[in-house]
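Have a look at the structure below before the remarks.
The values are calculated or read from the model by the stated rules, or taken from the named source; none is laboratory data. Since we're looking at a predicted model, the values are computed, not measured. Here the Cβ positions follow ideal geometry from the backbone for every residue, glycine too, while neighbour counts run over all protein chains shown. The protein model used for the area step is the full one, side chains on, heavy atoms only, and it has no ligands, DNA or RNA in it. Shrake-Rupley method; radii C 1.70, N 1.55, O 1.52, S 1.80 Å.
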Amino acid sequence: MIRYFIFFCVLLISSLSVKSAPVKIVCSTDNPKGSIHVVALEKFGELIAKYSNGRLIAEIHFRGNEEFPAIMGEEVNMNMMMTSHSGVHNRVHVTAIASGNASIKASILEFLMLPYIFEDKKSAMKLFRSKFMMEEINEVLARKHNIRAIGWLIGGFRHMTNSKKPVQRLEDIQGLVIRTPRNRLMRDTYMTLGAEVIPLNWELTFEALKKGEIDGQENPYSVIADSKFWDANQKYVTNNGPFLWVGPILMNEEFYQSLPDDLKNVVRKSGREAAEYEWEWENKKNNEFKAILLNNNMKILDLEDKQRWVDATKPLWEKHYKFIGYGDEAKGKKIVENVLIITNQ
């Protein structure tokens with residue numbers, strides 16, 4: 001009888017051990033430790049382990065991580081996220097990516113890159129806490145692209161840097177060769193402002209700046225500092241800010257749907273909280289990033305005629321409604337109208 005009892009206990013312990021094996025979530029970004037992307041993913045990993053009592057764990061890949069190095073660049077990560085994960089192990093389940101890169105594949109997200117759509121960071125926070133973003137936009141992302149946003153990151157406004165000259169008026173940008181992501185709206189914005197534009201993948205940007213193949217690029221203070229662009233001949237920063245750096249924490253939809261309901265709740269809760277943690281972190285760090293640029297002899301300049309920049313780029317909104325609406329201009333316009341209602345409340 002005792003032997004049967006012992007045998008039963010061994011079976012029970014074995015069964016519990018199998019059931020408690022954690023689910024590994026592979027997260028990847030082509031950005032270094034201390035970046036917005038890694039700060040958010042590390043917090044996400046901490047929270048899923050906490051809220052799931054260890055049933056979920058994160059393996060976080062990033063640039064400079066010797067144990068778990070970055071898994072290619074943002075566009076490759078995006079492609080991997082959108083593909084089917086059936087029968088495939090150790091694929092990327094989660095990535096943090098700039099919206100300008102995400103919208104290359106998921107064009108509905110193009111509205112986030114409309115020049116000067118965000119007046120300030122508070123308007124972005126209203127949007128990213130809304131049911132519209134977390135449910136309606138996610139329904140489209142899941143159905144069309146096999147991904148969902150579990151949180152939204154907010155960085156600083158994207159400002160232009162260059163190696164050639166101070167830029168404070170619209171005329172000053174003429175003749176500069178500026179890198180943008182391979183995003184049609186970001187490209188068109190700088191072309192409309194008068195620059196020559198070369199769309200270029202992020203991982204190629206530093207060397208192109210260093211070699212003088214391009215004169216400048218645009219990013220928040222945090223990214224300029226993380227990338228040490230002063231070592232790539234960048235001397236001037238112009239606070240033109242047509243775009244607020246925002247980006248989703250994306251999860252593969254097929255993987256998400258494979259989780260039991262309680263772990264889906266953990267993922268959603270952790271994604272939202274990791275994003276809000278990053279918002280506070282970035283607000284505190286922004287002045288530090290600015291000081292880093294100044295300490296490395298970069299000159300930071302304000303626009304003298306900002307309204308001219310806003311007016312010059314506003315016609316691009318109407319031209320891009322059809323991309324936001326997947327070919328349906330009316331749908332694209334409606335999405336933008338909904339965004340403006342939420343952000344102006």
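Before moving on, here are some points about what is shown:
- Flag if Met133 is crowded, with 18+ Cβ neighbours inside 10 Å, without any contact (Cβ under 8 Å) to a residue 40 or more places away in the chain and closer than 28 Å to Glu253 by Cα: yes
- Filter pass, Phe157 being in a helix (DSSP H, G or I) and either among the aromatic types (Phe, Trp, Tyr) or open to solvent by 40 Å² or more (accessible area, probe 1.4 Å) (or both): no
- Leading residue by the ranking (nearest to Gln174 (Cα to Cα)) among those in the range 195-216 that are in a loop (DSSP other than H, G, I, E, B) and open to solvent by 80 Å² or more (accessible area, probe 1.4 Å): Glu213
- Summed over the range 267-293, residues that are over 18 Å from Ala40 (Cα atoms) and open to solvent by 50 Å² or more (accessible area, probe 1.4 Å) total 4.
- Among residues of the range 287-304 that are polar (S, T, N, Q), those with a beta-carbon under 8 Å from a residue that is outside any strand (DSSP E or B) and at pLDDT 95 or above at least six positions away or on a different chain give the pairs Asn296/Lys228; Asn296/Trp230; Asn297/Trp230; Asn297/Lys235.
- Against the criterion of being open to solvent by less than 30 Å² (accessible area, probe 1.4 Å) and either free of Cβ contacts under 8 Å to residues at least 60 places away in the same chain or not in a loop (DSSP other than H, G, I, E, B) (or both), Ile71 does not qualify.
- Given (1) touching a strand residue (DSSP E or B) at 6+ places or on another chain (Cβ under 8 Å); (2) within 13 Å of Pro220 (Cβ to Cβ); (3) modelled with pLDDT of 95 or more, number of the condition Val267 does not satisfy: (2)
- When residues in the range 31-56 are screened for being assigned to a strand (DSSP E or B) and under 16 Å from Met251 (Cα atoms), 1 of them pass.
- In the set (1) among the basic types (Lys, Arg); (2) more than 26 Å from Glu203 (Cα to Cα); (3) not in a helix (DSSP H, G or I), the condition left unmet by Arg91 is number (2).
- Any hit, the range 336-345, residues being farther than 30 Å from Ile224 by Cβ, surrounded by fewer than 17 Cβ atoms within 10 Å (Cβ to Cβ) and at pLDDT 95 or above: yes
- Hey, Thr189 of a type in the set (Ser, Thr, Tyr) and farther than 23 Å from Lys314 by Cβ or not: no
- Count of residues meeting criterion [open to solvent by 10 Å² or more (accessible area, probe 1.4 Å) and either closer than 14 Å to Leu114 by Cβ or modelled with pLDDT of 95 or more (or both)] in the range 176-194: 7
- Enumeration of residues in the range 230-266 that are open to solvent by 10 Å² or more (accessible area, probe 1.4 Å) and touching a Phe, Trp or Tyr at 6+ places or on another chain (Cβ under 7 Å): Lys264, Val266
- Within the range 103-114, residues that are farther than 16 Å from Lys314 by Cβ sit with their Cβ atoms under 6 Å from residues that are open to solvent by 10 Å² or more (accessible area, probe 1.4 Å) and among the charged types (D, E, K, R), at 6+ positions apart or across chains, in these pairs: Ile104/Arg182.
- Hits in the range 103-127 - residues which are crowded, with 17+ Cβ neighbours inside 10 Å and either within 13 Å of the chain's Cα centre (by Cα) or assigned to a loop (DSSP other than H, G, I, E, B) (or both): Ser103, Ile104, Ala106, Leu109, Glu110, Leu112, Met113, Leu114, Pro115, Tyr116, Ile117, Phe118
- Boolean, Gly241 is under 22 Å from Ile178 (Cβ atoms), touching a helix residue (DSSP H, G or I) at 6+ places or on another chain (Cβ under 7 Å) and touching a residue at least 40 places away in the same chain (Cβ under 8 Å): no
- The range 32-78, residues that are acidic (Asp, Glu), at pLDDT below 90 and closer than 22 Å to Ile147 by Cβ: Glu74, Glu75
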